[in-house]
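> First, the structure itself, so that you have it in front of you.
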Amino acid sequence: MTISTETAVKAAVTVEAPIARAFDVFTREMTLWWPPEHHILASELVDIVVEPHVGGAVYDLGADGSTCRWGTVLAFEPPKRFAFSWNIDLQWQIEFDPAKTSEVEVRFVAEGPARTRVELVHRHLDRHGEGWESMRDAVGSDDGWPVGLRRYARYTATGSPA
């Protein structure tokens, strides 16, 4: 389910995994479930790295050794909460001005010993400036956060995002 508000997109999914596993898959195994076409790195993607502390980088690592830092960790509270800045502009390039970045917050809520609800909010999309609605529409579309969360849920349950 995805809900768009004026300046935010909300999406949620339930995964068949304990809360700690759900958090680890989201933050430590992102390479294995993130949609492969959702990268701006020029090189072939080798890894997506989340440095597990506030102020840490979120970046893609290319086969040629190049990196593309597209986020900064804003909260890292295993196994309940992870937040990062979205340092991508309206042209899908890196945004270097922190005042023009949005934020993604992911909360993990145990629904039992082997089931977790994952709630994502991509907020402050208006910070991207004039035309920010196109970012809201893109990340809120079926090809945005919903496809990523579906792949994440499948990977968490089966070990394969497909």
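The values are calculated or read from the model by the stated rules, or taken from the named source; none is laboratory data. As the structure is a prediction and not an experimental result, all values here were calculated from the model. All Cβ positions, glycine included, derive from the backbone under ideal geometry; neighbour counts span all protein chains shown.
> Tell me which of these Ala63 doesn't satisfy, since it passes every other one: (1) surrounded by fewer than 17 Cβ atoms within 10 Å (Cβ to Cβ); (2) under 22 Å from Thr101 (Cβ atoms); (3) in contact with a strand residue (DSSP E or B) (Cβ under 7 Å, 6 or more places away or on another chain).
Here Ala63 clears every test but (2).
> Before we move on, is Leu41 modelled with pLDDT under 95, over 15 Å from the mean Cα position of the chain (by Cα), buried (at least 17 other Cβ atoms within 10 Å of the Cβ) and more than 19 Å from Thr7 (Cβ to Cβ)? Step through it out loud before you land on a result.
Details: modelled with pLDDT under 95: yes; over 15 Å from the mean Cα position of the chain (by Cα): yes; buried (at least 17 other Cβ atoms within 10 Å of the Cβ): yes; more than 19 Å from Thr7 (Cβ to Cβ): yes.
Criteria met by Leu41.
> Among the residues of segment 25-36, are any at pLDDT 95 or above, under 17 Å from Thr101 (Cβ atoms), of a type outside the set (Gly, Ala, Ser) and surrounded by 17 or more Cβ atoms within 10 Å (Cβ to Cβ)?
No, because not a single residue in segment 25-36 is at pLDDT 95 or above, under 17 Å from Thr101 (Cβ atoms), of a type outside the set (Gly, Ala, Ser) and surrounded by 17 or more Cβ atoms within 10 Å (Cβ to Cβ).
> Consider Pro52 against the criteria (1) within 12 Å of the chain's Cα centre (by Cα); (2) more than 23 Å from Ser141 (Cβ to Cβ); (3) not in a strand (DSSP E or B): it satisfies all of them except one. Which criterion is unmet?
(1)
> Return the only residue of Thr72, Thr67, Thr31 being under 22 Å from Thr156 (Cβ atoms) and either over 16 Å from the mean Cα position of the chain (by Cα) or not acidic (Asp, Glu) (or both). Can you show your working first?
Values: Thr72 fails: under 22 Å from Thr156 (Cβ atoms); Thr67 fails: under 22 Å from Thr156 (Cβ atoms).
Of Thr72, Thr67, Thr31, the one residue that is under 22 Å from Thr156 (Cβ atoms) and either over 16 Å from the mean Cα position of the chain (by Cα) or not acidic (Asp, Glu) (or both) is Thr31.
> What pairs come up if the first residue lies in segment 4-23 and is more than 20 Å from Ser160 (Cβ to Cβ) and touching a residue at least 60 places away in the same chain (Cβ under 8 Å), the second is basic (Lys, Arg) and in a strand (DSSP E or B), and their beta carbons are under 7 Å apart, counting only those six or more places apart or on different chains?
Partner pairs satisfying both residue conditions: Thr7/Arg123; Ala8/Arg123; Ala12/Arg117.
> Might you let me know whether segment 77-97 holds any residue that is under 13 Å from the mean Cα position of the chain (by Cα), over 23 Å from Ala157 (Cα atoms) and among the β-branched types (Val, Ile, Thr)?
Checked segment 77-97: at least one residue is under 13 Å from the mean Cα position of the chain (by Cα), over 23 Å from Ala157 (Cα atoms) and among the β-branched types (Val, Ile, Thr).
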